[in-house]
1. Expressed in nm to one decimal, what extension gain is obtained for the pair K139 and S322 from 0.36 nm per residue of sequence separation less their Cα-Cα distance?
2. Choose one answer from G283, G54, G252: the residue with the largest mean-square fluctuation in a GNM of the chain with alpha-carbon springs under 10 Å.
3. Can you pull the semi-axes for region 1-53, root of five times each eigenvalue of the Cα gyration tensor, sorted largest first, whole Å?
4. Working only with C-alpha atoms, what are the Rg and Dmax values of region 126-222, expressed in angstrom?
5. Which whole-Hz ³J(HN,Hα) couplings does region 134-145 yield from phi under the Karplus relation 6.51 cos²θ - 1.76 cosθ + 1.60, θ = phi - 60°, glycine and proline marked x?
6. Using only the alpha carbon atoms of the chain, find the Kirkwood hydrodynamic radius as the inverse mean reciprocal pair distance, in angstroms to one decimal.
7. Can you pull the percent of the chain's accessible area that's carbon plus sulfur, 1.4 Å probe, other chains left in place?
8. In whole angstrom, how far apart do the alpha carbon centroids of region 91-129 and region 298-312 sit?
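The values are calculated or read from the model by the stated rules, or taken from the named source; none is laboratory data. Keep in mind that this is a model prediction, so the values were computed, not measured. Keep in mind that these areas ignore ligands, DNA and RNA; they rest on the heavy atoms of the full protein, side chains included. Shrake-Rupley method; radii C 1.70, N 1.55, O 1.52, S 1.80 Å.
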Amino acid sequence: MTGIMQLPIRTGVVGLGYFGRFHAKHYAANTSADLVAVCDADPARANDIATEFGGTVETDYTTLPGKVDAVSITVPTSMHFDVARFFIENGVHVLVEKPITETVEEADALVALAEERGVVLQVGHIERFSAAFKALSEKVTRPLFIESRRISPWKPRATDVDVVLDLMIHDIDLVLGLVNSPVESLQALGAPVLNASEDIANARITFENGTVADITASRIAGKTDRQIRLFQLDNYLVCDFVDHRVTQFTRGLPTDGGEGAATHGPNAIEMESWDIAKEDSLGNEIAEFIDCIATNRRPTVDGRVGREALHVATMITDSIRSHRARIEASLAG
């Protein structure tokens with residue numbers, strides 16, 4: 001990486017849609033950053049964001065090198081590779097929204113280029129910076145089974161990607177971080193409902209260390225439900241990202257050195273629950289990005305981590321498509 005950089009870090013945001021506005025807001029609020037430019041193909045949109053948070057208005061991202069030290073890239077996924085590559089080639093540090101790119105091959109190219117040019121490449125897997133997830137991870141020792149659900153009502157955004165890259169990839173990244181073992185095998189299924197690509201999906205992943213994870217995602221549900229349930233030896237954890245609560249169920253041990261009555265039946269289970277104070281996950285993510293640039297350290301979710309999440313997501317999508325092809329063939333036969 002490049003050497004330690006003096007604060008404040010000159011920053012810009014490329015792509016000023018739903019997420020781009022929030023990136024601009026947090027750069028403007030971070031005392032270690034200076035929001036110097038906001039960029040969007042729609043000049044009216046860029047002007048609105050600049051009026052609200054500051055920075056010059058740009059409509060062409062290729063004018064930004066020399067003006068900024070770092071950028072957030074919040075354009076559609078199909079543009080991630082070209083835009084991120086441009087900035088990395090010009091020595092600008094990059095925080096690119098998830099997924100890192102459309103393909104694993106593109107991700108590999110970005111990772112190699114960032115390492116060659118010595119710039120920070122961070123991927124916007126925002127849930128890693130959730131206070132609830134951080135509280136959960138402190139309780140995790142050796143997961144045996146993980147069940148993750150991320151279901152949401154329909155929203156008219158991110159329709160350029162399927163539900164695996166839109167929603168499930170968050171939980172893929174979280175599970176990979178908790179298990180810390182290569183994937184051995186997986187099976188997945190899914191279906192399109194309102195879009196041409198999948199709106200609901202489920203995947204069962206087996207890791208080389210024996211951990212099994214079951215992940216479900218839907219963007220057409222009637223309610224919002226975001227939970228991770230995690231089983232360990234004598235221990236069961238539930239993390240609710242909506243209610244910001246972590247609950248732990250633990251089997252009690254005999255207090256008299258023998259087979260005490262409290263170690264049998266429901267009375268043997270001890271429950272603890274913690275309400276987790278809400279934190280701004282995107283604010284935490286951007287603060288780390290700025291700190292990594294300033295101190296020359298590697299991000300929690302660097303390019304390699306983002307690449308691995310995309311790799312597993314691609315395996316899931318391939319499995320879904322293969323399963324659907326078998327179903328369609330059987331119906332046609």
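1. Numbers: separation 183, 0.36 × 183 = 65.88 nm, distance 3.69 nm.
So the chain would gain 62.2 nm between K139 and S322.
2. Of G283, G54, G252, the most mobile in the Gaussian network model is G252.
3. Ellipsoid semi-axes (Å, largest first): 22, 11, 9.
4. 14.0, 40
5. 4, 5, 4, 4, 5, 9, 8, 10, 9, x, 9, 8
6. Values: mean 1/r = 0.0468 Å⁻¹.
For the chain, inverting the mean 1/r across all distinct Cα pairs yields 21.4 Å.
7. Working: 7740 of 15180 Å².
Within the chain, the accessible surface is 51 percent carbon and sulfur.
8. Using only Cα atoms, the two centres lie 8 Å from each other.
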